[in-house]
Amino acid sequence: MSKLLEQIASYAPLSETQADACIDAVQMLREIVAQGEYTRASLRIILQKHAVVDRPVSGEVVLRKGAYGGDVYFRIAGELRIIVGAPDNFRLRGLYDAPKQVSDDAAGLLRRMAQAFKGLRPETRTIGDGDASPGAADLSGSRRLLLSKSDRELILAECETTILPEADSAIVGEQATLAAGARLATIYAERDSVLLRMNWRGVRILFKGSATFREELKRKNTSAKVITSILRGFPALAGLDPDVLAELAAASMLETHGDRDWGASPKAAGELPVVREGDHLNGLVLVSAGFGRVSRRFDAGEKTLGFLRRGDVFGVAEIKETLATDKPAVASRTLHMVNHLQLLIIPLPAVRKHLGADNLPEDTGTQEAAALDEASLLFPSSDVADYLISNRLINGKKAMVIDLNRCVNCDDCVRACAAVHGGNPRFVRAGPTYMNILTASACMHCTEPVCLTDCPTDAITRNEDSGNVLIDEAKCIGCGACAKLCPYDNIRLVEIRDEQGERVIKADSGVPVVKATKCDYCEGLPAGPACARACPHDALKRMDMADQSALTKVLSQNEV
Amino acid sequence: MRFLARLAVNAALLAAAAAVLAAAGHIAAAGLYSPVHLSGWFLLVLIVLLALFGLRHRILPFAGPSGTVLLQAHIYMGALAIVGFLFHSGWPEGLLETTLWTLFVLVAASGVIGLALSRAIPARMGAIGDHGDAHIPQLRARLALRAEELVASSLARGDRQSLVALYAYRLRPFLEKPRNFLHHATLSDAPLRRLQHDVAGVKQLLDDEGRELADQLRSLAEEKDTLDYQRAMVLIMRAWLFIHVPATGALLLLCLVHLASVYGYSIGDR
């Protein structure tokens with residue numbers, strides 16, 4: 001490692017020469033320049049805007065399983081160890097539990113409460129709070145867990161771990177970053193290491209502009225190790241012997257359909273059948289990313305039975321029958337891709353050899369077609385899946401659902417939201433309805449949040465622990481990229497006021513300053529979302545749209 | 001628990017509470033304490049607690065029980081207050097007592113009516129599609145504009161004068177602002193049926209294309225009537241608060257006056 005690299009402070013912005021040194025130290029970046037996909041000068045700028053040097057010490061946790069990813073790490077020096085598998089009851093000082101969410105501090109909470117009693121002016125700022133310059137990367141290493149010697153001995157004794165080999169450890173964390181999802185495994189520094197840490201924005205720039213980078217990620221993502229970690233994400237398979245998992249991974253195939261960037265036009269990529277009813281099933285189908293709709297032919301149409309998200313399984317009943325009778329597996333339902341769908345297919349011979357009928361995962365996403373009678377298939381409660389899919393609400397993890405049979409339009413929810421947010425309520429009590437369900441226009445903190453993809457200042461990010469999508473007011477420059485990308489119009493641009501209540505106008509252009517605002521799920525408030533707490537009639541709930549039983553309950557409650 | 005079962009349980013609990021209060025009054029009398037003073041204090045404390053419900057908007061988002069829990073507590077305390085009132089108050093005498101008595105009855109009655117309305121009306125609105133009261137004026141304006149566009153094509157034609165007259169004399173006044181509040185409040189659809197009858201009458205005079213237009217106009221009128229209905233329901237759901245809340249404030253004030261006069265003119269009763 002060059003002397004210059006040794007002198008670079010952790011998390012400090014990189015100078016030109018320092019960025020050059022980083023390019024020389026990371027093989028992938030050298031290859032990108034060598035292929036002519038980016039010039040050294042442009043890559044330098046990318047690093048200066050979107051990367052810092054990170055120096056985890058021995059035992060420092062770099063990535064924590066289950067936390068939401070925002071950064072990718074390029075290894076420059078040192079060694080990283082990955083916890084490949086842990087026993088179900090393994091708990092190590094919060095290694096696998098998300099830290100409890102607390103408010104900024106008690107004084108901050110009291111300040112927020114006090115403002116509810118004052119005359120409120122929405123979106124007031126003290127001018128001079130300062131916006132960060134566009135492009136500045138805030139990559140501080142907050143709240144890193146440091147494992148003690150005994151912690152590490154315990155991990156080595158009870159968990160399955162491996163040192164990341166030279167080639168594979170060149171890049172870590174890219175899967176969760178690109179999918180804006182949870183980290184698949186915990187990685188810590190085996191000894192003092194030096195990493196180049198790049199944020200989401202920088203990674204996307206490289207991904208879009210460099211075929212070399214894309215190919216490398218594709219190779220990694222289809223590697224047996226990655227497929228093994230995907231398999232471990234399915235509870236029924238996580239407990240399998242590591243050798244069995246490795247064999248399953250080696251035999252499995254990863255298939256990607258549609259476009260992950262389905263952005264502002266939620267139905268643009270549309271729905272295409274991926275497995276048709278009546279087709280031969282060549283294996284067990286696991287959903288590793290994206291969304292799928294499951295349907296069955298009825299008369300001249302396709303009746304929706306349900307939808308699938310990451311972690312769901314398709315084809316279990318058919319495979320079970322095949323294993324029992326030796327007849328070919330024929331799909332009894334159609335699986336459609338909804339915008340984007342990634343499937344992991346375990347071929348039938350591998351299923352037969354390593355799993356058998358007794359160890360198959362549960363068919364969690366939809367009802368068994370054979371079990372449905374005509375009434376269940378055709379009539380109202382089964383249509384809720386259609387409502388969710390056609391409005392692309394299946395993405396929502398914390399959607400605001402209002403029971404119209406209970407809502408009296410009292411606006412207590414709106415008032416509560418305004419009380420917590422300086423007089424500006426962060427949602428609109430309107431949206432697509434189905435029978436007595438209304439899904440309001442409030443951020444759903446999606447499973448796959450497309451709004452994160454194009455922010456020029458990294459103002460909109462996903463909280464590592466809670467998974468909530470948040471906007472940093474200080475960094476937001478009001479460009480509106482996130483608002484345009486949100487398929488549900490849940491992000492709004494609002495004008496900023498000074499303490500006299502006047503609009504703040506940009507001196508150079510004469511245009512009012514605007515900022516993006518949206519529901520932040522009352523992040524930091526111990527009591528949780530104020531809207532749900534405030535509703536006196538139990539009409540408003542925040543729910544995961546995959547929880548169809550909860551939605552069905554809302555549909556059928558109020559029976560006398 | 002289903003609604004009727006809950007109602008039965010709540011009624012039983014209230015009866016039990018009334019029995020406990022009656023027993024407490026009896027014991028107090030045996031100990032030479034004034035049951036009226038005790039029930040009065042009990043009632044005053046309840047009224048104050050009930051009035052604090054109005055502060056929930058400031059505290060609730062940050063701490064304490066949820067809005068649902070608070071409303072349930074408010075309802076139960078209100079029921080208990082009615083029981084306490086029945087024990088405490090006989091027939092009122094004099095201006096102060098009569099006013100106090102009337103205010104309490106007003107608050108209690110408006111509360112019970114409000115509770116019934118908030119349970120009954122949302123389901124009615126949900127059944128026909130709740131547009132949200134903030135959007136109703138926009139939707140109404142859109143319907144009016146659409147109707148105007150539909151009729152505009154017929155203005156120049158000599159054989160559609162009946163349609164134009166239908167629009168000018170019946171539909172445009174109907175579409176331009178909220179109508180028929182009292183009819184909707186009493187669940188009458190007479191005005192809409194009259195309008196539909198008028199459209200049916202005009203249809204007989206028109207050709208095929210004209211009849212098609214008339215049908216579209218009728219659909220717009222029906223949509224607008226639905227919006228009027230929703231608006232009426234929202235107004236009714238809010239109207240009772242304009243009695244309940246101010247009356248509560250006045251009641252609290254007069255309670256303090258009553259308290260002062262009771263102790264000011266008492267002869268030392270405990």
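Computed from the coordinates by the stated procedures, all read-outs in this text should not be read as laboratory data. Predicted, not measured: the structure shown is a model, and the values here were computed from it. Cβ atoms come from the backbone with ideal geometry, glycine included; neighbour counts cover every protein chain shown.
With both labels modelled 7 Å from their Cα along Cα-to-Cβ, the B:Asp189 to A:Arg40 distance reads 8.0 nm. Counted by neighbouring Cβ atoms within 10 Å, the residues A:Lys327, A:Lys320 run from fewest to most as A:Lys327, A:Lys320.
How far is helix B:241-265 tilted off the main Cα axis of chain B, in degrees rounded to 10, range 0 to 90? Helix B:241-265 sits roughly 20 degrees off the main axis of chain B. P(r) tail for chain B: Cα pairs beyond 33 Å make up 46% of the total. Ranking of B:Glu93, A:Glu473 by neighbouring Cβ atoms within 10 Å, starting from the fewest: B:Glu93, A:Glu473.
Any idea what angle helix B:3-30 forms with the longest principal axis of chain B, computed on alpha-carbon atoms, 0 to 90 degrees, nearest 10? Roughly 30 degrees between the two axes. Relative to the Cα centre, the charge distribution of the protein assembly as shown, modelled as +1 at Lys and Arg Cβ and -1 at Asp and Glu Cβ, gives a dipole magnitude of about 1440 debye. Can you figure out the FRET efficiency of A:Asp498 with A:Ala246, using R₀ = 45 Å and their beta-carbon distance, to the nearest 0.05? Computed FRET efficiency for A:Asp498 and A:Ala246 comes out at 0.15. Every pair of different Cα atoms in region A:275-345 enters the Kirkwood calculation, which places the hydrodynamic radius at 12.4 Å.
A straight Cα-to-Cα reach below 22 Å connects A:Lys225 with the lysines A:Lys65, A:Lys353, residues fewer than 8 places away in its own chain not being considered. Taking other C-beta atoms within 10 angstrom as a stand-in for reagent exposure, B:Leu32, A:Leu196 fall in the order B:Leu32, A:Leu196, fewest first.
Taking each residue as 0.36 nm, the span from B:Tyr169 to B:Val105 lengthens on full extension beyond its C-alpha to C-alpha distance by 18.4 nm. Between A:Val57 and B:Gln138, the C-beta separation translates, for a Förster distance of 60 Å, into a calculated FRET efficiency of about 0.50.
Modelled label positions at B:Glu97 and B:Gln196, each set 7 Å beyond Cα in the direction of Cβ, lie 5.6 nm from each other. Net charge within 11 Å of B:Gly210 by Cβ-Cβ distance, Lys/Arg positive one each and Asp/Glu negative one each, not counting B:Gly210 itself? Value of the local net charge: -2.
Between helix B:35-51 and chain B there is an angle of about 40 degrees, using the helix long axis and the longest principal axis of the Cα atoms. Show me the GluC sites (Glu not before Pro) within region A:155-237 that DSSP assigns to loop and that have at most 13 other Cβ atoms within 10 Å of their Cβ. The qualifying sites are A:Glu166. Here B:Arg211 and A:Thr552 are evaluated by their C-beta separation; at R0 = 41 Å the FRET efficiency comes out at 0.40.
Scaled against the 2.2 N^0.38 Å expected of a compact globular protein of N residues, the Cα radius of gyration of the protein assembly as shown reads 1.17. Spin-label model, A:Lys149 to A:Ile163: label points 7 Å out along the Cα-to-beta-carbon direction sit 1.9 nm apart.
Between region A:426-487 and region A:311-347, the alpha-carbon centres lie 34 Å apart. Near the amide H of A:Val274, within less than 5 Å, lie the amide hydrogens of A:Leu335, A:His336, A:Met337, all on another chain or at least 5 residues away, with H placed in the peptide plane. Pairs with C-alpha atoms separated by more than 19 Å, drawn from the list A:Lys484/A:Lys518; A:Lys398/A:Lys518; A:Lys397/A:Lys518; A:Lys303/A:Lys397, are A:Lys303/A:Lys397.
Figure the gain on full extension for B:Leu155 and B:Val245 (residue separation times 0.36 nm, minus the Cα-Cα span) and round it to one decimal in nm. Length gained, B:Leu155 through B:Val245: 27.2 nm.
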